[in-house]
């Protein structure tokens with residue numbers, strides 16, 4: 001297990017001198033870090049502390065946002081095994097963002113950004129993996145902005161359900177279980193619409209037998225049918 005209490009001069013050497021059979025990934029860099037739990041709505045970091053740590057989501061959902069003219073703007077939402085605040089690794093002047101737990105029992109790990117940089121320098125394959133992570137995050141933001149510009153609100157909700165099912169759903173036979181489930185208000189926030197629109201869409205999908213839901217979970221009974229509705 002990697003640890004991060006080494007003297008700065010020895011951290012990179014510790015990684016380089018590891019046995020050749022040991023395969024490191026960006027996620028494995030967090031193995032020695034403590035896990036921190038957050039309740040829904042609790043702040044994980046804000047602009048004042050953004051340049052200090054890089055985070056790994058291990059449970060729940062985290063939303064990344066910023067404020068513009070007193071309005072909160074969503075940039076991304078992250079699921080388990082996704083790295084958070086990665087942009088700060090390459091710049092001390094990144095956009096001022098904040099991260100908030102979007103579900104109860106959200107858990108993250110964190111390590112100092114300086115340690116993460118040294119690991120990337122010591123292992124070039126980690127650098128390439130990390131760049132791929134950043135590109136995926138940028139693509140998610142770009143796709144969300146395109147949906148906001150081109151799709152009606154109901155379609156945006158359906159697209160969120162598809163993406164979230166593929167990202168977080170646990171397959172049981174031909175169905176998918178999503179637990180915990182973001183609130184209707186949070187889904188609306190991510191999809192760029194209101195809570196009532198989300199409720200209306202979900203109720204209609206339940207009436208058609210495509211989904212079933214309660215306060216604890218969402219069951220997607222027919223993902224193919226959901227995708228067909230997204231293509232309408």
For the subset of the range 147-167 comprising residues that are closer than 24 Å to residue 66 by Cα and under 17 Å from the mean Cα position of the chain (by Cα), which member is surrounded by the fewest Cβ atoms within 10 Å (Cβ to Cβ)? 167
Per-region count, the range 93-128, residues surrounded by fewer than 19 Cβ atoms within 10 Å (Cβ to Cβ), in contact with a helix residue (DSSP H, G or I) (Cβ under 9 Å, 6 or more places away or on another chain) and either modelled with pLDDT of 85 or more or assigned to a loop (DSSP other than H, G, I, E, B) (or both): 7
Across the range 26-76, what is the number of residues that are crowded, with 17+ Cβ neighbours inside 10 Å, assigned to a loop (DSSP other than H, G, I, E, B) and either in contact with a strand residue (DSSP E or B) (Cβ under 6 Å, 6 or more places away or on another chain) or in contact (Cβ under 8 Å) with a residue 60 or more places away in the chain (or both)? 5
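The values are calculated or read from the model by the stated rules, or taken from the named source; none is laboratory data. Note that the structure is a prediction, hence the values are computed from the model and not measured. In this analysis, Cβ positions are derived from the backbone assuming ideal geometry, glycine residues included, and neighbour counts consider all displayed protein chains.
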